[in-house]
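The values are calculated or read from the model by the stated rules, or taken from the named source; none is laboratory data. Note that the structure is a prediction, hence the values are computed from the model and not measured. Counting neighbours? That spans all protein chains shown, and the Cβs are built from the backbone with ideal geometry, glycine included.
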Amino acid sequence: MTKPPNANAKKRAIIHIGKYEKEVLKHWTPELIKALADDMLDWFRADSSRIWLQDYFNDRLISRNSITRILNRDSYFAEIYTICKSIQESRLFHAGFRAEGNINQVIFALKNVSKWRNEPKEDPDKEQSVEIVLRPKQLAESDKPTDNK
């Protein structure tokens, strides 16, 4: 019985490379970032039923960490992102106003995504009234208990 020609060959170790590694760990060049910004705004404006901006990033396997890094690197992307967030806020508001879907979910989204609040913000520059109560270490003569029997 003869051995196959590669029977004595050393086997190489298999190094696993992540299936989505190239997409997830993409090197974001300035050109790619600007193209991403343009595509994001086009995507969001193309369909008025799109109310959740995070869907855009989820479809492209872009994490919140990557979004934050890109926002910090490129002012154009940051501006387009802010515009998309404003569109999202407006669409959520109108969906709630027209009672489309679950109103509680719309309120929850507006409070969390757009930082809406029920209570007004306090102005940090506004003077706050302070009440000071002084307590003496010993009672005055008039405050001492009397022994009237």
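Values for this structure:
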| quantity | calculated |
| --- | --- |
| Filter pass, S90 being outside any helix (DSSP H, G or I), of a type in the set (S, T, Y) and closer than 23 Å to K111 by Cα | no |
| Residues that are farther than 30 Å from A95 by Cβ, at pLDDT below 85 and part of a loop (DSSP other than H, G, I, E, B), drawn from region 14-58 | I14, I15, H16, I17, G18, K19, Y20, L25, K26, H27 |
| Of the criteria (1) touching a helix residue (DSSP H, G or I) at 6+ places or on another chain (Cβ under 8 Å); (2) surrounded by fewer than 16 Cβ atoms within 10 Å (Cβ to Cβ); (3) part of a helix (DSSP H, G or I), which one L61 fails | (3) |
| Residues (surrounded by fewer than 16 Cβ atoms within 10 Å (Cβ to Cβ), under 22 Å from A46 (Cβ atoms) and either of a type in the set (D, E) or touching a helix residue (DSSP H, G or I) at 6+ places or on another chain (Cβ under 8 Å) (or both)) located in region 68-92 | Y76, A78, E79, I83, K85 |
